Every structure is written in structure tokens, then in C-alpha cells.
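The values are calculated or read from the model by the stated rules, or taken from the named source; none is laboratory data. This one's a predicted model, so the numbers in the text were calculated from it and none came from an experiment. Cβ coordinates were reconstructed from backbone atoms using ideal geometry, including for glycine residues, and neighbour counts include every protein chain displayed.
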2 protein chains.
Amino acid sequence: MTEVKNVTAAVLIIGNEVLSGRTRDANLNWMARRLTDMGIRLMEARVIPDVEEVIVAAINEARAKYDYVFTTGGIGPTHDDITAACVAKAFGVGIERHPEAVKLLQTYIPADRLNEARLKMADVPIGGELIQNPVSKAPGFRMENVFVMAGVPSIMRVMFDGLAPYLQGGTRVLSQAVASYLPEGTVAEGLGQIQERYPDADIGSYPFYRDGKFGCTLVTRTADEADLAAAAAEIRALITSLGGEPLDQDLVSPDAEDDEEDDFKTGDG
Amino acid sequence: MTEVKNVTAAVLIIGNEVLSGRTRDANLNWMARRLTDMGIRLMEARVIPDVEEVIVAAINEARAKYDYVFTTGGIGPTHDDITAACVAKAFGVGIERHPEAVKLLQTYIPADRLNEARLKMADVPIGGELIQNPVSKAPGFRMENVFVMAGVPSIMRVMFDGLAPYLQGGTRVLSQAVASYLPEGTVAEGLGQIQERYPDADIGSYPFYRDGKFGCTLVTRTADEADLAAAAAEIRALITSLGGEPLDQDLVSPDAEDDEEDDFKTGDG
């Protein structure tokens, strides 16, 4: 049995524009994949509005519950950018104009344009450490286990890449996908029995519709290599016993690969 | 002053596969836009894992707090589909094989393939009403103010379209976007003053990078038509006074329109 070091995280996506539907979040999936690769288990993601008490409560709940909290959004120069103030409130500290952050802005923004609104982007809760932003310089920051990043995807990504080396990853959860053109309802009973035999693994079933045929990808996720191989072998055998052909691939519906799935079709079958 | 009927909602996206990054959620933005169009304010969205106690707690918190709760995911035939059982637990009721749901499955699935796993899709908490699924027949269901839908986008969408006429919309929040090629930091001070003059409106600033130029779209959202027109007029005047050209458009970065924004560029400017 592999010794498992369980490291957890939550993502808070801050912004009315995501909840109104104006903006489609493009950060969650990217972060989820990166965290998984690092052995950090994303346990929860929340999209919350630009409302102080909601942001403060969500930060305090998440930072107590998970090893890491990542926020996106609300750190620009306008009045609706209130994330830094909310993080300060959540930690019960004041906010200060961070001298190093001011210098970063000065390198990028001509003095005659470095107005009070732009300088607000240098305001950081007392005790916060800066997260570099090579794209547009205005930094994010870290307060203990809370990492505060921009909402613009290109900036969030470089910020995350910069802070990632400082995160302590846990045991990496390994995954093995086995797909077949058997529908979910056909494999369900045998799959449930395999799950019972591997209680420390998560076995998920994900239906797809490809080339006019229904099928499902069966994904085993566990930190234990031996369990992974054994469960996947049992899944392959199950598929074969039911007349299917097991494929070591993670198949999805072709339309599911982009985001506009209006003509996506599936069925339990 | 318009009398405002405030109707609120939360979305719960249930599924390990979204948190691990295997699957990119394609439901939230679609639902957010539909709810906004109906005058229902989406106040929160959560992505949560296939873990009973987490699902039960999230449902109970959300159904007490908001007028409507919409869940996606976890209603298929496999062992990892536990949403119906969790909703029953959240409401403190048992679960039953719904005769009408069984009939629906019988119309679609040949008798020799209608095994126990597939019949599980007819299990509904006692008191639940079915939500029709014209795509693959296995229904969703409603328990009081909680609407339980499939995770597959095409099915979620037809389920939502079917249940939408039964929702009581509130006062529709109107929005007006005014874009310009002035960067956020330039408009921030004046924009904050406009926000102060219209405390019942939400004024948001969203930066973009298009055709080699930075700019931002300033979006006013309010149920009050007079406030909407007046705030938008002040925003246009602000832009003009700062040397910009106001455009009655919701401009975003071209790359932000799809989901792969690796080469997306922006800057506060």
C-alpha cells in the first residue's frame, strides 16, 4: 500500500460577470489539470459575486478547510476590484501600498499615467507576498495559504506558473482510462463490483457518442500503482466478457472537446 | 424607482471529473445566461465531488439560501451516480422507483437490456416530480426548489428548456455595455464616481485587447431602465471627456471568445 500524502485545494472564481453569463470562465479547467499534475487534489470550486461579505466568508471557509486556496479575479484598478480588501478583512489585517509592487508598476506605466486607480493595484494585505505578473506587471499576492491571482486567463496562467514551484505537491493521483463502445448501462453492474474490490480507488464512468455509436470511458484514479494496474485489467476483462473491445484511451464525444455542444448527442443506451 | 422582485438561484456542478480537470464544464455559462434572461439572479455556483456528505451539505445550504437550486451530474446508471440518493438524504426522505420513470425507460430500452443498473435511473426521492429528457429518456427530477439534471450538456439543456416554463422569474436585470479603447486605469476614477451616483446599479469594468490595442467594456446592470440609461450616458460622457470614443458594444478580447487563451494578451495599461 502506497503511503499517501493528501494535499487539497479550493478555487474561488470571483466575479459578477461569470455569474451573469457575460464571461465564460476559462481558468478552472486549466488550474484543475495543473493541480492534478502536481498531486494537489482540487476538492471544490466556487464562483462567487463581487460582494464583500460573500468573498470574506468563502475565503475564511476555504483556507481553514484546504491546504491551498487559489482565487481569480477582482485585482484590477476599478471600483469593482475588491479582492485584496476582502482578503485583508478575512485575515483581520490592514492593507498597505506594497513598495515593491509600486516599483513594478513604475517600470511599466509612465509616471504621468500612474494615477491613484493604477496605484491601487499595489495595495496588498499586510504580510502578503507578491506573485509576479510578467504580462502586465500588476502583481498578485499570497497570504499564508491563499494565492490571489488575476482573472484574465493569460495573466492567471503566468502567475500560477510563477508560484507553482513554491507549492508542496502531495502524492500524485494516477489515472488510467479504458474506453469501449459498450453503453454505461451494460457495464454498470460489473463496474460497481470492481469499485467494491478497490475501495481506495475512484472509478468513474463517462458516456460518449462518437462515430454514431454510444460508449463510455471508465477512468480509475488512485495513488497506488498496483491497484491502478489491477483495476484497469479487471475493467478490460469486464468489457471483453460483455462482448466489447477495450481501448486504453480516454474517449469523449467529439463535440465535448470544444465548448459549444448544441448538437452533442448522447444516451445512456 | 422600479419595484424589484429579486429571485435567486445557485448551480451545483457535481462530478469528480470536473475537479480533476478531465472534463471541462460546459453547463454553467449556458445556465447563467438563461437564468439572467429570465430575471433569475445566479448568486453562486459550486463544483463539488461525488462525495455524499459534501453533496448533501451543499444541497441543504443552497436550498435554504436561494429560491432555486439547479444540479448537474450524477444521475446515470453507474455506481458513481449518487445524486438522487444524496437529494433524498438532504430532504430526509426515502427513494422509490418512480413508475412513470420506469415507463419512460421501457419506451426507449428493449426489455432484455433494461437491467437493474438502467432501472436505477428511475429511482427518485419520494415526492419528486420528473423532469423530461427527450434525448435519452432517463428523467431528471424536482424536489421542492431543487432541480436535478443530467451533466451531459445536450441533455441538461433540453431538461432545462422543459422545466423553465415552471420557474417564476423575477425582475429582469437589464444591462448596457459601453466599450472604448481607453484602458481600465484611465477610466477607473470617473467610473467609481458614477457607481457612487447609482448605488442600485452594478457597474463592472472588463478589460480587453483587440487589434493591438487595450481597452475595456463598462457594463451597467440594473433593473431600473431610467438608471440604466442615465448611467450609460454618464459613462459615454466620461469616455469622451478622457479622449476616447464610446461604443455601444460589449467588446472582449478575440481570444476570450473561445476557451483556449494561451496566446491571449492584456494589460491594465
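Before moving on, here are some points about what is shown:
- Total residues in the stretch B:165-176, condition more than 8 Å from chain A (Cβ to nearest Cβ) and out of contact with any helix residue (DSSP H, G or I) (no Cβ under 7 Å at 6 or more places or on another chain): 8
- Selection count, the stretch B:184-202, where residues are under 23 Å from B:R172 (Cβ atoms) and either more than 7 Å from chain A (Cβ to nearest Cβ) or surrounded by fewer than 18 Cβ atoms within 10 Å (Cβ to Cβ) (or both): 6
- Which numbered condition A:V47 fails, given (1) surrounded by 24 or more Cβ atoms within 10 Å (Cβ to Cβ); (2) away from every other protein chain (no Cβ under 11 Å); (3) out of contact with any Ser or Thr (no Cβ under 9 Å at 6 or more places or on another chain): (2)
- Which numbered condition A:D81 misses (of (1) at pLDDT 95 or above; (2) in contact with a Phe, Trp or Tyr (Cβ under 6 Å, 6 or more places away or on another chain); (3) not aromatic (F, W, Y)): (2)
- Filter result for B:E17 (surrounded by fewer than 18 Cβ atoms within 10 Å (Cβ to Cβ), more than 11 Å from the chain's Cα centre (by Cα) and not hydrophobic (A, V, I, L, M, F, W, C)): no
- A:V135 at pLDDT 95 or above and at negative phi: no
Per-residue answers, yes or no, for (1) within 15 Å of the chain's Cα centre (by Cα); (2) under 15 Å from B:L42 (Cα atoms):
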| site | (1), (2) |
| --- | --- |
| A:T23 | no, yes |
| A:N27 | yes, no |
| A:M31 | yes, no |
| A:G39 | yes, no |
| A:L42 | yes, no |
| A:P49 | no, yes |
| A:I55 | no, no |
| A:A58 | no, no |
| A:E61 | no, no |
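- Checklist (1) more than 11 Å from every other protein chain (Cβ to nearest Cβ); (2) touching a helix residue (DSSP H, G or I) at 6+ places or on another chain (Cβ under 8 Å) applied to B:L42, failing item: (1)
- Matching residues in the stretch A:50-94 - criterion: being out of contact with any strand residue (DSSP E or B) (no Cβ under 7 Å at 6 or more places or on another chain), closer than 16 Å to A:P125 by Cα, of a type in the set (V, I, T) and within 14 Å of another protein chain (Cβ to nearest Cβ): A:I82
- Count - residues of the stretch A:16-39 that are facing chain B (nearest Cβ under 8 Å) and part of a loop (DSSP other than H, G, I, E, B): 7
- Cβ-Cβ contacts under 8 Å between residues 6 or more apart (or on different chains), taken from a first residue in the stretch A:184-197 that is without any contact (Cβ under 8 Å) to a residue 12 or more places away in the chain and farther than 8 Å from B:T78 by Cβ to a second residue that is part of a helix (DSSP H, G or I) and small (G, A, S), are listed as A:E189/B:A117.
- Residues of the stretch A:182-217 satisfying the condition of being over 26 Å from the mean Cα position of the chain (by Cα), under 17 Å from B:A117 (Cα atoms) and in a helix (DSSP H, G or I): A:E184, A:G185, A:T186, A:V187, A:A188, A:E189, A:G190, A:L191, A:G192, A:Q193, A:I194, A:E196
- A:G212 vs. criteria in the same structural domain as A:N133 (by TED's automatic domain parsing) and surrounded by fewer than 18 Cβ atoms within 10 Å (Cβ to Cβ): no
- So B:I109, is it within 19 Å of B:L28 (Cα to Cα), within 14 Å of another protein chain (Cβ to nearest Cβ) and of a type in the set (A, V, I, L, M, F, W, C): no
- Flag if A:Y206 is touching a strand residue (DSSP E or B) at 6+ places or on another chain (Cβ under 6 Å), closer than 30 Å to A:L238 by Cβ and away from chain B (no Cβ under 13 Å): no
- Among the residues listed as B:A179, B:A237, B:A226, B:A231, the single one being crowded, with 21+ Cβ neighbours inside 10 Å, away from every other protein chain (no Cβ under 11 Å) and assigned to a helix (DSSP H, G or I): B:A231
- The stretch B:126-154 residues that are within 14 Å of chain A (Cβ to nearest Cβ) and over 21 Å from B:T107 (Cβ atoms), paired with ones that are of a type in the set (S, T, N, Q) and assigned to a loop (DSSP other than H, G, I, E, B) (beta carbon under 6 Å, 6 or more apart): B:P153/B:N27
- Among the residues making up the stretch B:1-39, those that are within 22 Å of B:S154 (Cβ to Cβ) and of a type in the set (V, I, T) are B:V11, B:I13, B:I14, B:V18, B:T23, B:T36.
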